[in-house]
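Encoded as structure tokens, the structure appears first; notes follow it.
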Amino acid sequence: MKDFLTIGELEPEEIESILERSLKLHQSPQPLLSGKNIGFVFEKPSLRTKIGTEVAINRLGGDVVHIESDLLFANGKAVPFTSRESLQDAMMNVSQWCDALFARVYSHTSLEKMSQYGTIPVINALCNLHHPMQALADLLTIQQKFPGKDDLTITFVGDANNVAFSLTEIGLKMGYQMKFSGPENYSWSQDNLSYFSLLAVEHGGSFTATSDPFQAVKGSDVIYTDTFISMGEEHLYEDKIMHFEPYQVNEKLFSATGKNHTGFMHCLPAHRGIEVTDAVIDHPESWIYQQAKNRMIVSLGVFAAIFTRNGTHHP
Ligand code: CP
Ligand code: NVA
């Protein structure tokens, strides 16, 4: 693959193959990225994505070059006249030195332009619409917790955002029963709903959305949530806090699944006492640190896939 921008680009077999390869490389790392320089450009803060992926690249023998985001973007937009130079010029320059670019951006369009203007692979480290690296780590976590079980019900409670989108895509591609619950005015667009229904039909799973979180979590193997206010949405704080209050994952909601093995997942960073209570995030069935560890592990498989084609290492 050249770029990796969304889960939607991957067939289920490719997803499985990345996870398999990730685990193999975690057991015995190979110097697949020896001599490679991976540019990191982050318009927003990051702990897990930045550090986890940098460690993975180091383990594959590659090097990371940190590029200040304002050399490519200004105020979240790739605009020629307010940034230092055009994104086109910047990308063509970066393409002369770096072998790939790992980018966290405000707008998905920026990733598409970076891919179009440069000649090197672009990998999405989170944008407004997608968080594919997170979704791969989450799927690995789910598979490790339920080995060999395909009939899984995963419920995302909270904001219809980037993390929820990529999780829903990957779950549907695996044929899982994916459920969603959030306030109606912050829920999925009609286009998103149609896309999820299509994926469900194509891969034999199901997708349902409801504004009632207690109804949604019934029968769930996993409850997943994310921050109610994503990076860049701070201006929506008052309104969102008010609308999302019934969607906090607390002990009452966590125990309403009717199952005794339900796991709790959160991509982090978490806002304890807001989207999740301490009792749930610190529960023995909270898998948050396994998810975080898997962020590094799946980066091994993603970068291996970027730098090898048909299993062969390419320059
Ligand atoms: N989950 C995640 O992407 O965390 P960071 O924002 O810290 O990278
Ligand atoms: N939805 C969150 C995810 C952070 C990893 C955000 O975009 O800020």
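Applying the Karplus parametrisation 6.51 cos²θ - 1.76 cosθ + 1.60 with θ = phi - 60° to the phi angles of the stretch 86-92, what ³J(HN,Hα) value in whole Hz is obtained for each residue in order, glycine and proline being reported as x?
My calculation for the stretch 86-92 gives 5, 4, 4, 5, 4, 5, 5 Hz in order.
Along the positive direction of the dipole of the stretch 213-290 (beta-carbon charges: Lys, Arg +1; Asp, Glu -1; about the Cα centre), which of 235, 288, 217 reaches farthest?
Checked the options; the winner is 217.
Give a residue-ordered list of calculated ³J(HN,Hα) values for the stretch 271-280 (Karplus: 6.51 cos²θ - 1.76 cosθ + 1.60, θ = phi - 60°; whole Hz; x for Gly, Pro).
Couplings: 10, 4, x, 10, 7, 8, 8, 4, 4, 7 Hz.
Would you grab the residues whose amide H sits under 5 Å from the one on residue 286? Only those 5+ places off in sequence or on another chain, please, with H modelled 1.01 Å from N.
264
Could you work out the percent of alpha carbon pairs in the stretch 63-205 separated by over 21 Å, rounded to a whole number? Walk me through the numbers on the way to the answer.
Working: 5338 of 10153 pairs.
Cα-Cα pairs in the stretch 63-205 separated by more than 21 Å: 53 percent.
Taking the DSSP beta bridges in the chain as the whole, what percent of them are antiparallel, to the nearest 5? Mind dumping the intermediate values first?
Details: 3 of 37 bridges.
About 10 percent, rounded to the nearest 5.
Return P(r) of the chain (all Cα-Cα pairs; 10 Å bins starting at 0; whole %; ordered from short to long distances).
6, 27, 34, 23, 9, 1
How big is the dipole moment of the chain about its Cα centre under a simple scheme where the beta carbon of each Lys and Arg is +1, that of each Asp and Glu is -1, and everything else is neutral? Debye, nearest 20, please. If you can, show how the numbers build up before the last one.
On the way: 24 positive and 37 negative charges, 161 e Å.
In debye, rounded to 20, the chain gives about 780.
Stretch residue 88-residue 250 to full length: gain in nm at 0.36 nm per residue minus the Cα-Cα span?
Numbers: separation 162, 0.36 × 162 = 58.32 nm, distance 4.73 nm.
Full-extension gain reported as 53.6 nm.
For residue 35, what is the net charge nearby, where nearby means another residue's Cβ is under 9 Å from its Cβ and Lys, Arg count +1, Asp, Glu -1? Walk me through the intermediate numbers first.
Values: positive: 36; negative: 63, 99.
Every neighbour counted, the sum reads -1.
Select from the stretch 44-141 those chymotrypsin sites (Phe, Trp or Tyr not before Pro) which occupy a DSSP coil region and have at most 15 other Cβ atoms within 10 Å, ordered by residue number. Don't skip to the end; give the middle numbers.
Details: sites: 73, 81, 97, 102, 106, 117; in loops: 73, 81, 106.
Sparse-neighbourhood loop chymotrypsin sites (Phe, Trp or Tyr not before Pro): 81.
Return 241, 7, 57 ranked ascending by Cβ neighbour count within 10 Å, so the fewest neighbours appear first. All intermediate terms of the calculation are to be shown ahead of the outcome.
Working: 241 12, 7 26, 57 23.
Starting with the residue having the fewest Cβ neighbours, the order is 241, 57, 7.
Under 5 Å between amide H atoms, partner at least 5 residues away or on a different chain: which partners does residue 224 have, H built in plane at 1.01 Å?
Amide H to amide H, under 5 Å and 5 or more residues apart or across chains, residue 224 pairs with 155, 156, 157, 265.
Once R0 is set to 35 Å, what does the formula 1/(1 + (r/R0)^6) return for the Cβ-Cβ distance between residue 112 and residue 282, expressed as a FRET efficiency to the nearest 0.05? If you can, show how the numbers build up before the last one.
Numbers: r = 40 Å, r/R0 = 1.13.
Plugging the Cβ-Cβ distance into 1/(1 + (r/R0)^6) gives 0.30.
Quick one: 255, 286, fewest Cβ neighbours within 10 Å first, how do they rank?
Listed from fewest to most nearby Cβ atoms, that is 255, 286.
With θ set to phi - 60° and the Karplus curve 6.51 cos²θ - 1.76 cosθ + 1.60, what are the ³J(HN,Hα) couplings of the stretch 149-163 in order, to the nearest whole Hz, using x for Gly and Pro?
Listing the rounded values in order: 9, 9, 8, 10, 10, 10, 10, 9, 10, x, 8, 7, 10, 4, 5 Hz.
What ranking of 277, 53, 109, 153 emerges when the number of other C-beta atoms within 10 Å of each C-beta is taken as an exposure proxy, fewest first? Mind showing how you got there, number by number?
Working: 277 18, 53 25, 109 14, 153 21.
Going from least to most buried by this count: 109, 277, 153, 53.
Mind checking which aspartates and glutamates have their C-alpha under 19 Å from residue 145, skipping anything on the same chain fewer than 8 residues away?
The reachable aspartates and glutamates, counting only those whose Cα sits under 19 Å from residue 145, are 16, 20, 221, 282, 285.
Quick check on my link table: of 2/50; 218/252; 44/179, which ones sit more than 18 Å apart, alpha carbon to alpha carbon?
Working: 2/50 20 Å; 218/252 12 Å; 44/179 29 Å.
Table pairs above 18 Å Cα-Cα are 2/50; 44/179.
Every number here is computed from the coordinates shown, using simple stated rules; none is lab data. Treat the numbers as computed from the prediction; the structure is a model and nothing was measured. Every residue, glycine among them, receives a Cβ derived from its backbone with ideal geometry; neighbour counts consider all protein chains shown.
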